[in-house]
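These notes are about the structure you will find just below.
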Amino acid sequence: MLFVIYVVVTFTFFLIRLMPSNPVEVYIEDLMTNYAMSYDQAKNLAASLFSYDIDRPLWLQYLDYMKNLLHGDLGKSIVSSNMSVSKMMATFIPWTIFSVGSALLISFFLGVILGRIMAYKRGSVLDHTLTTLASIVTAIPSYLIALILLVFIGIHLKIIPLKYLRGAYSPGIKPGFNLKFILDAIAHAVMPVTTYVISTVGSWMLSMKSNTLNVLGEDYILAAKARGLREGTITRKYVGKNAMLPLVTSLAISMGFVFGGSVIIENIFSYRGMGWLLSSSISTRDYTVMQGVFLVITISVVLANFIAELLYAKLDPRIRR
Amino acid sequence: MSKLHKILKIENLNVVYRIRRGDVKAVRNVNLDLIKGETLAVMGESGSGKTTLAMTILRLLPDAARVLTGKIIYSNDGKEVDLLKLDDNTMRKFRWKEIAMVFQAAQNAFNPLITIWEHVKDTYRDHGIKASKNEMLSKVEKLMELVQLESKRVLNSYPHELSGGMKQRTLIALALLLDPKVLILDEPTTALDILTQRNILELLKDIKRNLSLSMILISHDLAIAAELADRIVTFYAGSMVELGNVNDIFYDPKHPYTQGLIRSVPTVSREKQLYSIPGSPPDLINLPSGCKFAPRCKFATDKCRGEEPQLDYVKEGHYVACYRWRDINNGPNN
Amino acid sequence: MKSGIKLFFYHLRKNKVGFAGFIVLLALIFMSYILPYFVPLDMETRVNEIFKPPSWKHPLGTDFQGRDILNQIIHGGKDVMNVAFMAGLISTAIAVSLGAVSGFVGGKVDMVLTSIADIILTIPHFPLLAVLAAFIDFKSSVGLATLLGLLSWPGAMRSIRAQVLSLKERDFVEAARVLDLGTGHIVFKEIIPNMMNYIVMNMIFSMRSAVYSQVGLIILGFVPFTSTNWGVMIHYAWSRGAIFFKGSLMYLLAPIAMIALFQWSLVSFARALEGVFNPRLRGE
């Protein structure tokens, strides 16, 4: 895993520097033409913002970059020159963790419960309806679901007041661990979370249903019945556990997927999280912020995958021993 | 004979599986008793109905199966119940406590995510037995000793950490956990290597000797039947074709199918040619009329093909479903 | 194991959903590639007909410049489908070659290729694409399609590699080896034809992912637009306020419906193919 992170970090380094329109040089040119700075002045300003010096040889720049990273220094924002990128991100990250985290949890448990019901009631009207719904909904890109929800729930049917559809919390309410703020934050998170849940629950349902059906056909379930075990024990400990286990790895994959979607979805709801920050920094060509956010998002996903693998190994005795 | 206590009485049992193509008549007109304390071997090819019979006794049949007619009467301590008429919860408590079964696929009979000890605990708990951990443990340890396994090691293991033979023994120990009166063993030695088969056989002989269990042994392995069984019943196409004590069946079988079975086992000593019964078992959905074995039987006559023979009395305790058993002289020594 | 065309359709019809998906897919392809020849693209601005609700003249209403929406829908699928097909082809070509080589040759080559695939798999695609789009000027859809293809081959490659690994041990491969028919022949003439179902299915999934990424980038405005397509319509519907008027909702909903239908038909068709190629799943 560390190797992957290393690759990602290095890749991001080269991304900025080797791209067709090298953002640093473009910036320097821009400063020179529009702000009448000398080359040296422009270069120094750029160096402090990007936290690297274009005159130094590439490999030294690389070392500087790595050194800065280890200190948590991601440079300064180009657009808002006084803000350190890491400080900026610290205010945005919690919102994404909050919305994506709760969405994944809700989606997972909902999917597992529904999937199990679908398996036990296989062939029934409920099963057919849920399967069809799940198949249709997973086919629609998540951001389109966000737009549909925005349009119908917010704008036209006015089920949720419009003010909750923008931003992560209402302006004027002081952030902190007080009830008013928490309720407000939840109200603002409803739409993004619902979008994430709708776009991911279908695949959990279908996977859980298929896993449960497979497990139900296993010999040890019949053996458990023969031992006179209670229905509840069998469903929970023998079927449930075995059917759910493979889904743990999908949890990590799901996270990568949702993070990807958050770039657009947070934009649609103006929800000030990492995804919003990434897309806004791309629009404003704020390269340092872009680089920082991309790095953090990617590393989080890598970490999540790693943790999921560890978790799975811990939960499955066949791998553990 | 009628003085002997019949712990299980199967009367007029008919079981079918409903599938798209039609009804698979898996168990047909079975009337069979299990005498208390005896070991009854049920023999026949795959698909002859042996496993379905066992599953019906414990009511573990899949949804597609239907019991058309019949009673399975369990009688013990003066009480008599028809197992087929019990409600689900009573039947559930019955299982394992009165009648236990050791399955054919021992390799996959355990929940891969929990230890063997968990399996034991689940069994005790779901049967409402309030025993302390030590009480449970001492009982299990005794059983582990009986099956010659290292109790501590096995109990703390997960199923994948045990070998095939160890799993089979654990299953047997587990089956004896609640002191059942009847033990059904479905192919206990199939899929095991020769040495392990021998070990399991010795184990079963020990159990038979030391515990007063009534056992139903389902097997196509004649060697096992010969060493364990008191009586043998052979099945063909879902119904009984011959029933008798172990000596009669092995030394003087009357039904051509039984004769074929006995003769088809290769032994080290015999120099004669290997014999196999020609032909293949019938389609259980579209059964021919008359005796179902007739198509493969070299003694079949038109009478055989006309109406299916019922069990005929040969001598005390020996019955055969064949019209021609008197005429045929086709014992294993011919 | 090669099904004739007749067998293909017979089994396709058995899976009703899959068949429906296939028909819808054909209809969408017809609408997007053939219909435009008969219905010319009308991009004329009509200032007095902005955001008009559906009527006989404009069955789906008009957009923010007074242009007919139905007309744009008909012409709007071509771009999206072109990129999807191209990305799918590129991704599948790479996945098949690398997967087959990796599975068949094994050893260090396999290790290196699998590691590369794993790294690309772990990096979330859309953020990467968004960042790249900031730097790279996509002049044509080929460039975008290539990039999308280059990012989505790892998933398919792993599953193809797994298939090759299992087929490698089969008799007919053993026979070819004994006959000394050469690695190239074995891989391309023996193994690959037996994996056609996986290959086609993976191509369909690559296409799905390509549509997701492309439309996402368009909606955010990170790639330059050429006249109009379904993604562009959604972009303008959102940024030009079509979502606020009841009458103009079609500008948003119609392209969404088209994209959803395209994705759904791809997935259903893929599921049906699974049944066609795998007799055990057919329930026989």
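Values as computed for the structure displayed
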{"quantity": "Matching residues in segment B:130-154 - criterion: being touching a residue at least 12 places away in the same chain (Cβ under 8 Å) and within 28 Å of the chain's Cα centre (by Cα)", "calculated": "B:K139, B:V140, B:L143, B:M144, B:L146, B:V147, B:Q148, B:L149, B:V154"}
{"quantity": "Condition met for B:G37 (under 26 Å from B:R169 (Cβ atoms) and out of contact with any helix residue (DSSP H, G or I) (no Cβ under 7 Å at 6 or more places or on another chain))", "calculated": "yes"}
{"quantity": "Qualifying positions in segment C:92-105 - β-branched (V, I, T) and either under 16 Å from C:S152 (Cβ atoms) or buried (at least 21 other Cβ atoms within 10 Å of the Cβ) (or both)", "calculated": "C:T92, C:I94, C:V96"}
{"quantity": "Qualifying strands (runs of 3 or more DSSP E) (wholly inside segment B:26-130; at least 3 residues being more than 14 Å from chain A (Cβ to nearest Cβ) and under 30 Å from B:L261 (Cβ atoms))", "calculated": "B:39-43, B:65-76"}
{"quantity": "Helices (runs of 4 or more DSSP H) wholly inside segment A:206-279 that include at least 3 residues being touching a Lys or Arg at 6+ places or on another chain (Cβ under 9 Å)", "calculated": "A:219-226"}
{"quantity": "Flag for A:A224 being within 11 Å of another protein chain (Cβ to nearest Cβ), in contact (Cβ under 8 Å) with a residue 12 or more places away in the chain and within 25 Å of the chain's Cα centre (by Cα)", "calculated": "no"}
{"quantity": "Number of positions in segment A:138-183 that are in contact with a Ser or Thr (Cβ under 7 Å, 6 or more places away or on another chain), part of a helix (DSSP H, G or I) and either surrounded by 15 or more Cβ atoms within 10 Å (Cβ to Cβ) or modelled with pLDDT of 80 or more (or both)", "calculated": "5"}
{"quantity": "Test: B:Y251 is in contact with a His (Cβ under 9 Å, 6 or more places away or on another chain) and at pLDDT 85 or above", "calculated": "no"}
{"quantity": "Segment B:147-161 - residue that is out of contact with any Ser or Thr (no Cβ under 9 Å at 6 or more places or on another chain) and in a loop (DSSP other than H, G, I, E, B) and, of those, farthest from the other protein chains (Cβ to nearest Cβ)", "calculated": "B:Q148"}
{"quantity": "Yes/no for C:L89 being touching a residue at least 40 places away in the same chain (Cβ under 8 Å), assigned to a helix (DSSP H, G or I), surrounded by fewer than 16 Cβ atoms within 10 Å (Cβ to Cβ) and at negative phi", "calculated": "yes"}
{"quantity": "Helices (runs of 4 or more DSSP H) wholly inside segment B:162-277 that include at least 3 residues being surrounded by fewer than 16 Cβ atoms within 10 Å (Cβ to Cβ), without any contact (Cβ under 8 Å) to a residue 60 or more places away in the chain and under 19 Å from the mean Cα position of the chain (by Cα)", "calculated": "B:194-210"}
{"quantity": "Failed criterion for B:M144 (all others in (1) in a loop (DSSP other than H, G, I, E, B); (2) more than 9 Å from chain A (Cβ to nearest Cβ) hold)", "calculated": "(1)"}
{"quantity": "Residue ID - nearest to the other protein chains (Cβ to nearest Cβ), chosen from residues in segment A:265-303 that are closer than 18 Å to A:F11 by Cβ and aromatic (F, W, Y)", "calculated": "A:F294"}
{"quantity": "Qualifying residue in segment A:213-220 (condition: buried (at least 19 other Cβ atoms within 10 Å of the Cβ) and within 10 Å of chain C (Cβ to nearest Cβ))", "calculated": "no"}
{"quantity": "Residue, surrounded by the most Cβ atoms within 10 Å (Cβ to Cβ), within segment C:218-243, restricted to residues that are part of a helix (DSSP H, G or I), more than 9 Å from chain A (Cβ to nearest Cβ) and not polar (S, T, N, Q)", "calculated": "C:W230"}
{"quantity": "Enumeration of residues in segment A:304-321 that are away from chain B (no Cβ under 14 Å) and either among the aromatic types (F, W, Y) or not in a helix (DSSP H, G or I) (or both)", "calculated": "A:F306"}
{"quantity": "Any hit, segment B:117-129, residues being more than 20 Å from A:P317 (Cα to Cα) and of a type in the set (S, T, Y)", "calculated": "yes"}
{"quantity": "Selection count where residues are surrounded by fewer than 24 Cβ atoms within 10 Å (Cβ to Cβ) and either hydroxyl-bearing (S, T, Y) or part of a helix (DSSP H, G or I) (or both), scope segment A:280-297", "calculated": "6"}
{"quantity": "Tally of residues being more than 29 Å from B:L284 (Cα to Cα) and without any contact (Cβ under 8 Å) to a residue 60 or more places away in the chain across segment B:56-87", "calculated": "6"}
{"quantity": "Considering residues of segment C:130-146 that are facing chain A (nearest Cβ under 9 Å), of a type outside the set (D, E, K, R) and touching a residue at least 40 places away in the same chain (Cβ under 8 Å) only, the residue surrounded by the most Cβ atoms within 10 Å (Cβ to Cβ)", "calculated": "C:A130"}
{"quantity": "Condition check for B:Y275: more than 24 Å from B:V24 (Cα to Cα) and at pLDDT below 85", "calculated": "yes"}
{"quantity": "Residue match in segment A:110-132 (condition: crowded, with 16+ Cβ neighbours inside 10 Å, under 24 Å from the mean Cα position of the chain (by Cα), at pLDDT 85 or above and within 13 Å of chain C (Cβ to nearest Cβ))", "calculated": "no"}
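Conditions (1) modelled with pLDDT of 85 or more; (2) small (G, A, S); (3) touching a Lys or Arg at 6+ places or on another chain (Cβ under 6 Å), marked per residue:
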| residue | (1), (2), (3) |
| --- | --- |
| C:A27 | yes, yes, no |
| C:M31 | yes, no, no |
| C:V47 | no, no, no |
| C:G61 | no, yes, yes |
| C:F64 | no, no, yes |
| C:R67 | no, no, no |
| C:H75 | yes, no, no |
| C:A84 | yes, yes, no |
| C:G88 | yes, yes, no |
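The values are calculated or read from the model by the stated rules, or taken from the named source; none is laboratory data. Model, not experiment: these values are computed from the prediction. Here Cβ is always computed from backbone atoms with ideal geometry, including for glycine, and neighbour counts include all displayed protein chains.
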